[in-house]
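The values are calculated or read from the model by the stated rules, or taken from the named source; none is laboratory data. The structure presented is a predicted model; accordingly, all values stated were derived computationally and were not measured. Cβ coordinates were reconstructed from backbone atoms using ideal geometry, including for glycine residues, and neighbour counts include every protein chain displayed.
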Amino acid sequence: MKILKINMGNLSVKEDLVTKYKRLGGRALTSKILHDEVSPTCHPLGPNNKLIFATGLLTGSGASSADRYSVGGKSPLTGGIKESNAGGISGLTLGKLGIRALVFENIREDFKIVHLSKNGVKFDDAAPILGKDLSEAASWIRGKYGKHVAVWLIGVTGEQKMNLAAIAGQDKDGHPTRYNGRGGLGAVAGSKGIKAIVLDASGVEKNRPKRKEEFKKSLKQYHGWLMETPATSKVLPEFGTASLVKTTNALGALPTRNFSIGVMEDYENISGEKLREIILERGGEGTPTHACMPGCIIRCSNVFSDKEGNRVTGPIEYENIGLLGSNLDISNLDDIADLNLLCNEYGIDTIETGGALGVLMAQNVIPFGDGKRAVEVLKEVKAGTPLGRIIGSGAEVIGKIYGTVHVPTAKGQTMPAYDPRAIKGLGVTYATSPMGADHTAGQTVRAQIDHHSPEGQVEVSKNAQTVNTIWDHLGMCMFSSGAVQGRWDILADLVSAYTGEEFTGEDIVAIANETLKVEHSFNRKAGFTKEHDKLSEYFYYEENKGSKTVFDVNQDELETIGVERNDL
């Protein structure tokens, strides 16, 4: 494996063949490098933080949904360790170049385009694309470097180092819409002067399994499971992640009006079924079923078009609908699409943006339900006005500015679109994950448990956090979890045959649990204590009228997760 270290201060490059990391990929690798090489007390935007892009162990293998990648760094939003992963083709292309991890060090004032190819690394002036919307910037890059390249980009918010700045990767059609959204890592890229990373794999041979026949046999089994499982073979391809709208509304967990209630009267207007219906009616460039990466069987993405059939944006995910829709009391998919488009163009996390706008609406800065006004206000972010800067700071800071306790965060990060009073296992994840409020750190919505009861939620969340870390380590989509159902030996067989390194199912689980310990250790050294393993206080005493519950999981039991994983 090859780790490439790039010092953005002096634009030097060093190749690091580190054998101690050879069994790690994705999140396991980003977190381990951060733990080993970054001071937990450093400033996230200072020279001592690092920004790491890492491919999963199965990247480039041809396994369905296995080309995801992780970006890691110390978060300017949470102040702790952060990993954010995404799909698309950028991670796949990095893997083709033989790079397991790309580590950026130091900072600079101006912006560069970092170009990687089989011939090495070069640095170009980014001035022509500064301040541009990301679709325009990506088009310019493809015109200059060729349509075959893959890119990572930051938007104007990353240039301005805002807390909600994200990093955009590229889907298989060339659109920069696959997002490493959480934690403000786009601001970290901005602090290092990274406007874009261009990946050119021309002349590089395709990755091949070390043991081809063994790999084919395991791959057939894995793909068979995906095709036999209703969620991955039918529900997600037809309705995407928006299929969750009806489920969460029925549970009283659909965030509505700044997480004040868990049900929305007009929820059917923003459901996965309605989304599919509108896309099919309009035709043209829209499609309800889209694969963000080549060879994905699940195809849960989509492209949303206007009434004339022209592409508006994509994808519209459940989280976008929940945070930019119901959370703002907006029940019009066209308004949600317009907000989603601006987020994509400015390079910002839709979840944190929805949280920020929700707090502003609760303070009567914007009327609830006014999608057009929300779009107008969001444009302030690109302009960098005082209001735009406030939004760019994220929901937690906005709450402090306006003096309100009604801020749906954990560890400074806005909660995804599941009210923790109604899906209490996710509340445990939000509170105890080193990542802050993040559903991909331990998703429990599909667990066979009474989501309204406090009983059993700690164990469910703890297990889910391990499971999600497994997928992040391998570079695979967590939607495969329902098909695999904990049968880790098949994944171990895939990894062993592909890499030539021997893995067992127990090894896969052990690496995930060790990764969680590494992350807790980093946060503990950064100053996190058990007092940080909590939700915003109002969730404990204000009843969610939709579910008729508060968050009442026993705090002592909840804190056992941190205790168990703090033994490094």
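Inside region 498-546, residues that are surrounded by 19 or more Cβ atoms within 10 Å (Cβ to Cβ) and among the acidic types (Asp, Glu) make up a count of 2.
Could you pull out every one of the helices (runs of 4 or more DSSP H) wholly within region 294-367 that has 2 or more residues that are acidic (Asp, Glu)?
Working: elements: 318-324, 333-346, 350-362.
Fully inside region 294-367 and qualifying: 333-346.
Can you say whether residue 7 is in contact with a Cys (Cβ under 7 Å, 6 or more places away or on another chain) and farther than 21 Å from residue 498 by Cα, as far as the supplied structure shows? Spell out how you get there, then give the answer.
On the way: in contact with a Cys (Cβ under 7 Å, 6 or more places away or on another chain): no; farther than 21 Å from residue 498 by Cα: yes.
No: the conditions fail for residue 7.
Taken over region 203-224, the criterion of being over 30 Å from residue 119 (Cα atoms) and not small (Gly, Ala, Ser) is satisfied by 213, 214, 215, 216, 217, 219, 220, 221, 222, 223. Restricting attention to region 163-189 and to residues that are under 11 Å from the mean Cα position of the chain (by Cα) and assigned to a loop (DSSP other than H, G, I, E, B), the residue that is farthest from residue 389 (Cα to Cα) turns out to be 181. Scanning region 223-273 for residues being over 15 Å from residue 318 (Cβ atoms) and charged (D, E, K, R) gives a total of 5. Residue 35 - would you say it is touching a residue at least 40 places away in the same chain (Cβ under 8 Å), outside any loop (DSSP other than H, G, I, E, B), out of contact with any Asp or Glu (no Cβ under 7 Å at 6 or more places or on another chain) and not hydroxyl-bearing (Ser, Thr, Tyr)? When the stated conditions are applied, residue 35 passes them.
Taking region 317-327 only, how many residues are more than 9 Å from residue 350 (Cα to Cα), within 14 Å of the chain's Cα centre (by Cα) and buried (at least 24 other Cβ atoms within 10 Å of the Cβ)?
Initially, region 317-327 is screened for residues more than 9 Å from residue 350 (Cα to Cα), giving 317-318, 321-322, 325-327.
After this cut, where a residue has to be within 14 Å of the chain's Cα centre (by Cα) as well, the list is 317-318.
Checking the rest, the ones that are also buried (at least 24 other Cβ atoms within 10 Å of the Cβ) come to 318.
Selection size over region 317-327: 1.
Selection within region 74-85: residues that are small (Gly, Ala, Ser) and surrounded by 24 or more Cβ atoms within 10 Å (Cβ to Cβ). The member of this set that is farthest from residue 175 (Cα to Cα) is 80. Note on region 153-201: residues that are more than 30 Å from residue 410 (Cβ to Cβ) and without any contact (Cβ under 8 Å) to a residue 60 or more places away in the chain amount to 2.
Considering only residues that are under 29 Å from the mean Cα position of the chain (by Cα) and loosely packed, with under 15 Cβ neighbours inside 10 Å, which ones fall in region 208-220? Break it down stepwise before answering.
Quick first cut of region 208-220, residues under 29 Å from the mean Cα position of the chain (by Cα) only: 208-209, 215, 218-220.
If the condition is that a residue be under 29 Å from the mean Cα position of the chain (by Cα) and loosely packed, with under 15 Cβ neighbours inside 10 Å, then 208, 220 are the ones that fit.
Among the residues of region 359-376, is there at least one that is under 16 Å from residue 323 (Cα atoms), under 16 Å from the mean Cα position of the chain (by Cα) and buried (at least 24 other Cβ atoms within 10 Å of the Cβ)? Looking for residues that are under 16 Å from residue 323 (Cα atoms), under 16 Å from the mean Cα position of the chain (by Cα) and buried (at least 24 other Cβ atoms within 10 Å of the Cβ), one finds none in region 359-376, hence no.
Suppose we filter region 228-240 for residues that are of a type outside the set (D, E, K, R), farther than 12 Å from residue 299 by Cβ, in a helix (DSSP H, G or I) and touching a residue at least 24 places away in the same chain (Cβ under 8 Å); how many remain?
Residues of region 228-240 of a type outside the set (D, E, K, R): 229-233, 235-237, 239-240.
Still in the running and farther than 12 Å from residue 299 by Cβ: 229-231.
After this cut, where a residue has to be in a helix (DSSP H, G or I) as well, the list is 230-231.
In the following step, the residues that additionally are touching a residue at least 24 places away in the same chain (Cβ under 8 Å) were identified as 231.
The total comes to 1.
Taking helices (runs of 4 or more DSSP H) that do not extend beyond region 426-521, which have at least 2 residues that are on the phi < 0 side of the Ramachandran plot and within 21 Å of the chain's Cα centre (by Cα)? Lay out the reasoning, then the answer.
Working: elements: 457-474, 481-484, 488-499.
It comes to 457-474, 481-484.
The listed residues are 495, 553, and the only one of them that is closer than 30 Å to residue 95 by Cβ, at pLDDT 95 or above, surrounded by 20 or more Cβ atoms within 10 Å (Cβ to Cβ) and not acidic (Asp, Glu) turns out to be 495. For region 35-62, residues that are under 18 Å from the mean Cα position of the chain (by Cα) and of a type in the set (A, V, I, L, M) total 3. A count restricted to region 260-282 and to residues that are touching a strand residue (DSSP E or B) at 6+ places or on another chain (Cβ under 7 Å) and among the charged types (D, E, K, R) stands at 2. Within region 292-321, residues that are farther than 22 Å from residue 134 by Cβ have Cβ atoms under 7 Å from residues that are part of a loop (DSSP other than H, G, I, E, B) and acidic (Asp, Glu) in these pairs: 309/285, counting only partners at least 6 apart in sequence or on another chain. Evaluate region 223-233: report whether one residue or more is modelled with pLDDT of 95 or more, crowded, with 24+ Cβ neighbours inside 10 Å, among the polar types (S, T, N, Q) and farther than 30 Å from residue 158 by Cβ. Within region 223-233 (the criterion being modelled with pLDDT of 95 or more, crowded, with 24+ Cβ neighbours inside 10 Å, among the polar types (S, T, N, Q) and farther than 30 Å from residue 158 by Cβ), the answer is no, since none of the residues qualifies.
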